[in-house]
Structures are given as structure tokens and as C-alpha cells.
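Take a look at the structure set out below.
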């Protein structure tokens, strides 16, 4: 790379870092948090003995997993305004990503709950614990340990998927790189820098995953 390319990279390191900290990371964390709460309710609905509720959860999961994330983004941002629902780019991205996470994470949580031996449920019932209390105090803490690795993979994938938000004009990391590279067409250099930023964020999340797994070890039944 020549001097002008290095200068271009140096000039855009800070704007790209700012976009990462103020757009990409918040978009990831907000969407994942909302999606995780949604996923828990969908997973419980999926396990419910109430048939309509279970079927509704199945349909939601099938729809989310069976359609591309980019299409979901376009439906939320470009499609919903036809029904009078208009959102700014960032909230629209949050809605689309949260719904997507909810569909994928629901099956992870469901599998984690099913991995807990039925004896745990029965033991809790014998001492008078209700369904909600059993979930909160017995089942979910143990299921969390099983769910953390796949949920962490979902979170890491979401970090990279936020690049799709540039298609609906969210000024996240990739969008800043695109705008900076457009005048000179030096896309390779700036996209390379963007890749490094994404990689660093994913490394940090992987480290956090290991720490969470260690803390949850105490909940594993021996």
C-alpha cells in the first residue's frame, strides 16, 4: 500500500472506532438483550402444553429461521411504512435484529431447559415450589450453563450481522468504511480495517463468554 492509502487508513481509524463504540456495539447489545428476553418467552411457549401457544411459538421460530435477515430488515424499515409504521434506521435495525435473535435463541434456550433432568422439577415440586419459582431458582440457572456457548455464538454472529444495518442507512462501522472509501475506491484497505474492528470485538466477547462459563459452573449438577 502506498503512502496515500496509509494516510486514508490513519485518517479514518478514529471515525470507524467511534462508529463501532456508538453504533455497532450498542446495536448489538440492545438487540441481543431484547432478543434474549423474547427468546425466553418463546421457548417457554414452545414447551407449553397449551396447543395454540405452542403452535404460535413454532410458527414464529419457523418464520424467523426460514427467511433471510436482510429481508427481515427490509420488511421492518421499508415495508412497515406502508402500514403507517415508520421508524428511524437505528430503531428499525433493533427491531429486526431482536426478532431474529429471538427466533434462533428460543431453540437454544428450549434445548437447554430440556437438558435438565425431570427429577429437578419433581424435587422442586415436592418442597412446594411453583412453576415460576422452580424456573427461576432451579432450572434456568442450570440451563444457563448449557445455553451460554451457543448463545455466545449467536451474539458473536450478531456483531457481524450488524453490518447489514448499513443497507438501511445506519451509520455503523461498515457504513463509515463505505463512505470513507467511496471517493478513492480504496475499499480493500478500509474494509480490512473494519474487519479488524469486528474481529477485536468478537475476541472480547469470546473472552467474556469464558468468564461467564466459569461463573456458571457452580450451577451444574454433579
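The values are calculated or read from the model by the stated rules, or taken from the named source; none is laboratory data. Owing to the predicted nature of the structure, the values given are computational and were not obtained by experimental measurement. Cβ placement follows ideal geometry from the backbone for every residue including glycine, while neighbour counts extend to all protein chains displayed.
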Inset, instruction - Go through region 45-60 and give me each residue that's in a helix (DSSP H, G or I), without any contact (Cβ under 8 Å) to a residue 40 or more places away in the chain and surrounded by fewer than 20 Cβ atoms within 10 Å (Cβ to Cβ). - result: 51, 52, 53, 54, 55, 56, 58, 59
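Matching residues to (1) modelled with pLDDT of 95 or more; (2) touching a strand residue (DSSP E or B) at 6+ places or on another chain (Cβ under 8 Å); (3) over 12 Å from residue 101 (Cα atoms):
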{"residue": "28", "(1), (2), (3)": "yes, no, no"}
{"residue": "33", "(1), (2), (3)": "yes, no, no"}
{"residue": "36", "(1), (2), (3)": "yes, no, no"}
{"residue": "48", "(1), (2), (3)": "no, no, yes"}
{"residue": "51", "(1), (2), (3)": "no, no, yes"}
{"residue": "56", "(1), (2), (3)": "yes, no, yes"}
{"residue": "68", "(1), (2), (3)": "yes, no, yes"}
Inset, instruction - Output yes when any residue across region 158-165 is within 26 Å of residue 215 (Cβ to Cβ), touching a helix residue (DSSP H, G or I) at 6+ places or on another chain (Cβ under 9 Å), crowded, with 19+ Cβ neighbours inside 10 Å and touching a residue at least 12 places away in the same chain (Cβ under 8 Å), and no when none is. - result: yes
Legend entry - Where residue 62 falls short, out of the listed (1) modelled with pLDDT of 95 or more; (2) over 23 Å from residue 201 (Cα atoms); (3) touching a helix residue (DSSP H, G or I) at 6+ places or on another chain (Cβ under 8 Å): (3)
Inset, instruction - State yes or no: is residue 180 at pLDDT 90 or above, surrounded by fewer than 17 Cβ atoms within 10 Å (Cβ to Cβ) and in a helix (DSSP H, G or I)? - result: no
Inset, instruction - Scan region 12-44 for residues that are free of Cβ contacts under 8 Å to residues at least 60 places away in the same chain and more than 22 Å from the chain's Cα centre (by Cα) and jot them down. - result: 14
Legend entry - Qualifying residues in region 136-149 (those that are closer than 15 Å to residue 122 by Cβ and touching a residue at least 24 places away in the same chain (Cβ under 8 Å)) - the one surrounded by the most Cβ atoms within 10 Å (Cβ to Cβ): 142
Inset, instruction - Just need a number here: residues in region 183-198 that are in a helix (DSSP H, G or I) and without any contact (Cβ under 8 Å) to a residue 12 or more places away in the chain. - result: 5
Inset, instruction - Output yes when any residue across region 100-110 is at pLDDT below 95 and surrounded by fewer than 16 Cβ atoms within 10 Å (Cβ to Cβ), and no when none is. - result: no
Legend entry - Sole exception among (1) surrounded by 12 or more Cβ atoms within 10 Å (Cβ to Cβ); (2) in a loop (DSSP other than H, G, I, E, B) for residue 65, by number: (2)
